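Below is one structure; the comments refer to it alone.
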Amino acid sequence: MSIINTSDVLQTVQMIESQHLDIRTITMGISLLDCAHPDIKVLCENIYRKITTYAKDLVKTGEAIEHEYGVPVVNKRISVTPIALVGGSHDSDEYVQICLSLDRAAKEVGVNFLGGYSALVHKGMTVGDRNLLLSIPEALSVTERVCSSVNLASTKSGINMDAVALMGQVINRSAELTRSTGGSACCKLVVFANAVEDNPFMAGAFHGVGEAECVINVGVSGPGVVAHALKSYPDASFDTVAEVIKRTAFRITRVGQLVAQEASRRLNVPFGIVDLSLAPTPAQGDSVAEILELMGLERVGTHGTTAALAMLNDAVKKGGVMASGHVGGLSGAFIPVSEDAGMIAAAEAGTLTMDKLEAMTCVCSVGLDMIAIPGDTTDETIAAIIADECAIGVINCKTTAVRILPVPGGKVGERVDYGGLLGSAPIMAVHPESASAFIRRGGRIPAPIHSLKN
Amino acid sequence: MKAIITVNARDNIGSMAALSSLLAACNVNILDISQTIMGEYFVMIMLVDYSRCQFAFDELRNKLTELGSQRQMNIRIQREDIFEAMYRV
């Protein structure tokens with residue numbers, strides 16, 4: 001072929017057809033700051049109207065791009081301004097009404113998730129923040145497509161332990177209210193340290209206050225493509241392995257950049273960032289765990305896993321960064337247990353434990369993600385898990401998150417199925433010893449010394 | 001406006017003729033073709049210009065898919081930019 005190399009074309013077709021290369025999400029960020037109103041009915045109407053106007057062509061455009069480039073655009077989603085900033089003057093019941101309006105708007109425009117039922121409380125909580133946090137269990141149990149996130153800590157401000165304690169209760173309560181579906185509300189709820197303002201991935205997407213009126217962010221994926229590339233190098237040194245991952249990440253991210261630019265042009269909305277993440281799905285051959293195992297680990301979770309993940313995460317960033325004009329979001333490897341066939345198998349075999357996952361979050365792009373735990377886990381234990389994860393984020397100046405799923409009535413070793421992209425998860429053990437006295441102290445863990453950079 | 005058409009199918013008489021007739025009927029200009037036979041299968045890659053095509057991209061794509069299912073060929077059309085993006089720095 002004179003212009004395009006034949007093997008390149010076939011390689012791309014193979015990546016899409018058999019290695020699960022896809023654009024994981026085109027996420028439209030929409031500012032709702034101008035929707036605030038003291039009358040809750042007007043506020044809800046403002047929000048509904050703005051979202052359904054701005055995002056009316058989002059799904060259609062995503063589908064058109066998918067057809068023309070032949071690369072699946074799996075999800076079309078929306079992120080909005082943290083709702084606590086929009087509904088500050090309202091009480092918890094009224095917040096639930098806002099959430100219902102968001103859900104209605106999401107259904108109207110046809111997106112499968114809308115993120116931003118959120119509050120940023122890393123230093124302290126306003127009355128509005130607190131009301132939003134308290135409304136989360138009901139809000140998530142009466143809606144289908146709205147995702148909620150709360151930023152509890154930052155390197156600059158430390159860890160808000162009062163909010164951490166409160167979120168332990170909120171998570172358990174959310175699970176309880178959706179008992180019939182295994183506590184599925186918690187799949188739509190994530191807490192952060194150092195949350196980013198332009199993350200296109202759910203459940204943690206929100207449209208930060210420093211963002212423009214409306215913006216297009218794109219999240220790419222492709223663990224299967226990386227795994228396939230590595231299969232040709234079973235005995236190569238890490239120097240070679242890193243190069244292979246970088247080259248592959250570059251190609252994946254270029255597709256993301258192309259799609260982002262095209263979506264931005266067609267929707268007449270500025271391009272924000274490409275999030276160059278390796279996001280697994282429960283499908284066979286679309287697993288981050290498989291990549292780590294191909295590096296030479298018998299099973300993910302064994303000794304060496306953290307080093308393997310660190311290398312993978314770094315190589316993905318290095319390969320992707322040159323492929324895109326603006327890299328942002330979380331960018332790295334995700335390790336959601338229930339969404340990754342290899343992680344599920346390792347957890348069921350007992351090789352992958354909560355403690356190992358925590359260690360892995362020191363070097364991956366996010367945190368403890370989609371981990372089912374027993375239903376009798378106390379609020380304080382959940383809060384303590386969150387506190388540990390926040391500490392990792394705060395001290396290492398990185399984003400960490402906890403999306404943990406207490407399964408009401410569930411016991412260790414049982415399996416819970418959330419369906420679709422959310423997958424199914426074995427219930428994993430947490431330490432039975434109490435951290436109640438630690439959590440009860442409350443207050444704020446001060447910011448670390450290296451936050452004082454000015 | 002350029003696109004790449006990839007075809008893989010069991011080798012049989014008339015497949016190429018059917019595909020090129022369809023493209024001609026749609027005013028799609030074939031710029032370059034590369035084809036190899038692997039055992040019983042043939043794999044073909046075609047660079048085409050569809051700027052004078054009277055149909056929208058999606059319609060053209062559907063016509064190709066329809067032809068593919070009639071003749072047991074897997075036909076895929078993608079805009080050329082995606083290959084440019086992935087393999088050119």
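The values are calculated or read from the model by the stated rules, or taken from the named source; none is laboratory data. Just so it is clear, the model here is predicted, and its values are computed rather than measured. All Cβ positions, glycine included, derive from the backbone under ideal geometry; neighbour counts span all protein chains shown. These area figures cover heavy atoms from the full protein model, side chains too; ligands, DNA and RNA do not enter into them. Shrake-Rupley method; radii C 1.70, N 1.55, O 1.52, S 1.80 Å.
Observations on the model:
- Accessible surface, the range A:199-318, averaged per residue in Å² (probe 1.4 Å): 36 Å²
- Per residue, the average separation of C-alpha pairs within less than 8 Å and at least 6 apart gives chain B a relative contact order of 42 percent.
- Using the rule -39500 (n - 2.57) for each DSSP H run of four or more residues, divided by the residues of chain A, the 222 nm mean residue ellipticity is -13500 deg cm²/dmol.
- Delta accessible area of at least 20 Å² on complex formation, residues of the range A:235-282, 1.4 Å probe, chain isolated as reference: A:Phe250, A:Arg251, A:Arg254, A:Val255, A:Leu258
- Cross-link pairs A:Lys231/B:Lys2; A:Lys317/A:Lys398; A:Lys76/A:Lys123; A:Lys123/A:Lys398; A:Lys246/A:Lys453; A:Lys188/A:Lys317 - those with Cα-Cα distance over 25 Å: A:Lys231/B:Lys2; A:Lys76/A:Lys123; A:Lys246/A:Lys453; A:Lys188/A:Lys317
- Chain A - percent relative contact order, Cα under 8 Å, separation 6 or more: 17 percent
- Per-residue ³J(HN,Hα) for the range B:74-83, Karplus 6.51 cos²θ - 1.76 cosθ + 1.60, θ = phi - 60°, Hz, x for Gly and Pro: 9, 10, 10, 10, 9, 4, 5, 3, 5, 6
- Taking a Cβ cut-off of under 15 Å around A:Val226, the surrounding Lys, Arg, Asp and Glu residues balance to a net charge of +1, with basic ones at +1 and acidic ones at -1.
- Rg and Dmax, both from the Cα atoms of chain A and both in Å, are 21.0, 71.
- Applying 1/(1 + (r/R0)^6) with R0 = 60 Å to the Cβ-Cβ distance of A:Thr6 and A:Ile395 gives a FRET efficiency near 0.75.
- If the chain linking A:Ser89 and A:Asp235 were pulled fully straight, counting 0.36 nm for each residue of separation and taking away their Cα-Cα distance, it would gain 46.4 nm.
- Relative contact order of the range A:176-316, defined on C-alpha pairs under 8 angstrom at six or more residues apart (%): 27 percent
- Dipole magnitude (debye, nearest 20) for the range A:42-104, charges at Cβ of Lys, Arg, Asp, Glu: 180 debye
- Span from the the range A:330-378 Cα centroid across to the the range A:111-182 one, whole angstrom: 20 Å
- With every protein chain in place, the range A:1-95: carbon and sulfur % of accessible area (1.4 Å): 49 percent
- Accessible-area composition of the range A:323-454, carbon plus sulfur, in percent [1.4 Å probe]: 55 percent
- For the pair A and B, total buried accessible area rounded to nearest 100 Å², probe 1.4 Å: 2600 Å²
- Interchain or long-range residues, amide H under 5 Å from A:Asp369's placed H: A:Val337, A:Arg403
- Gap separating the Cα centres of the range A:19-80 and the range A:201-226, nearest whole Å: 11 Å
- Under the membrane-span-like helix rule (DSSP H runs whose alpha carbons stretch at least 20 Å along the helix axis, mean Kyte-Doolittle hydropathy 0.5 or higher), chain A yields A:127-142, A:161-177, A:379-396.
- Per residue of chain B, the DSSP helices (runs of n ≥ 4 H) give a summed -39500 (n - 2.57) that works out to -11000 deg cm²/dmol at 222 nm.
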